[in-house]
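To start, the structure under review is shown below, and the notes come after it.
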Amino acid sequence: MDTLQKKNNLFIPFIVAVIGSALMLLTIFLPYTSATKEFAERIDSYPEAVAYSNTDIKVSDVKNVSMVQYASMYSSNSKEILHQSSVGTIYVVIVVVIGLFSLLSLIFALLKKPIPLIIFDVLAFGVFTFLGWDFRDRGLMRSAYNWGVGYYLFYIGVVMALVGAVLLIVAKKKAKKQLQKN
């Protein structure tokens with residue numbers, strides 16, 4: 001098997017893994033939660049109202065909120081929002097870890113290293129799942145919010161990166177086996 005044929009066999013798994021990993025990274029900036037229709041209508045009626053007492057956060061700021069925006073709001077206003085000043089730091093760390101693991105997944109996808117890609121893909125998924133559990137546990141998802149587009153795209157990205165990594169492993173093994181035959 002010549003080098004060109006080997007590169008062609010790796011191209012589709014490579015593209016799938018890169019797109020999935022890039023999607024995971026992108027989702028930390030997309031809406032993680034979105035206001036329900038009823039809540040969004042109330043927000044639109046009073047966009048300048050204060051969302052949390054003793055903060056400068058307007059309700060229009062919390063209509064569609066990304067993970068990065070949550071981390072920012074919680075870190076600067078955690079005492080007012082979460083009633084503990086140290087909790088905001090935890091959210092910043094969680095979002096940074098999700099972003100870091102997603103970035104490492106993307107780097108290993110670009111390097112065509114499927115095993116580290118799988119490891120960081122699974123780690124990012126684990127931390128992301130923990131964040132979702134926390135939001136449900138605190139009751140945020142039962143009241144005024146639904147999951148946003150970023151939440152769902154993260155799952156698609158995780159699956160794409162994982163499938164791409166597995167396909168990279170298979171393609172590399174086939175290429176190695178073919179090389180040994182010749």
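The values are calculated or read from the model by the stated rules, or taken from the named source; none is laboratory data. Quantities reported herein were computed from a predicted structural model and do not represent experimental measurements. When we count neighbours, we look across all protein chains shown, and the Cβ atoms used for this are built from the backbone with ideal geometry, even at glycine. The protein model used for the area step is the full one, side chains on, heavy atoms only, and it has no ligands, DNA or RNA in it. Shrake-Rupley method; radii C 1.70, N 1.55, O 1.52, S 1.80 Å.
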*asked:* Considering only protein heavy atoms and a probe of 1.4 Å, how much of the accessible area of region 20-166 is carbon and sulfur, as a whole percent?
replied: 66
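Remind me, what semi-axes does the chain give for its equivalent ellipsoid, largest first in whole Å, using sqrt of 5 times each Cα gyration tensor eigenvalue?
42, 15, 11
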_Approximate shape of region 53-92 as ellipsoid semi-axes (Cα gyration tensor, √5λ), whole Å, largest first_ = 16, 13, 6
*Per the Kirkwood definition applied to all pairs of different Cα atoms, how many angstroms is the hydrodynamic radius of region 43-125?*
14.5
*Among the aspartates and glutamates, select those whose C-alpha is under 19 Å from the C-alpha of Lys176, and discard any that sit fewer than 8 residues away in the same chain.*
Asp2
*Calculated from DSSP H runs of 4 or more alone, at -39500 (n - 2.57) each and per residue, what is the 222 nm mean residue ellipticity of the chain, nearest 500?*
-25000 deg cm²/dmol
*So if R0 is 35 Å, what FRET efficiency would Asn54 and Lys113 give, r being the distance between their Cβ atoms, rounded to the nearest 0.05?*
0.15
_Can you tell me the mean projection area, over all orientations, of the convex hull of region 89-182's alpha carbons? Units nm², please._
6.8
*On the full set of protein chains, 1.4 Å probe, figure out the accessible area of Leu179 and give it in Å² to the nearest 10.*
120
*Place a +1 charge on the Cβ of each Lys and Arg in the chain and a -1 charge on the Cβ of each Asp and Glu, then give the dipole magnitude about the Cα centre in debye, rounded to the nearest 20.*
1380
*Residue-span extension gain [Ile15 to Tyr46] - 0.36 nm each, minus C-alpha spacing*: 6.7 nm
*For Asp137 and Lys174, compute 0.36 nm times the residue count separating them, minus their Cα-Cα distance, and round to one decimal in nm.*
8.7 nm
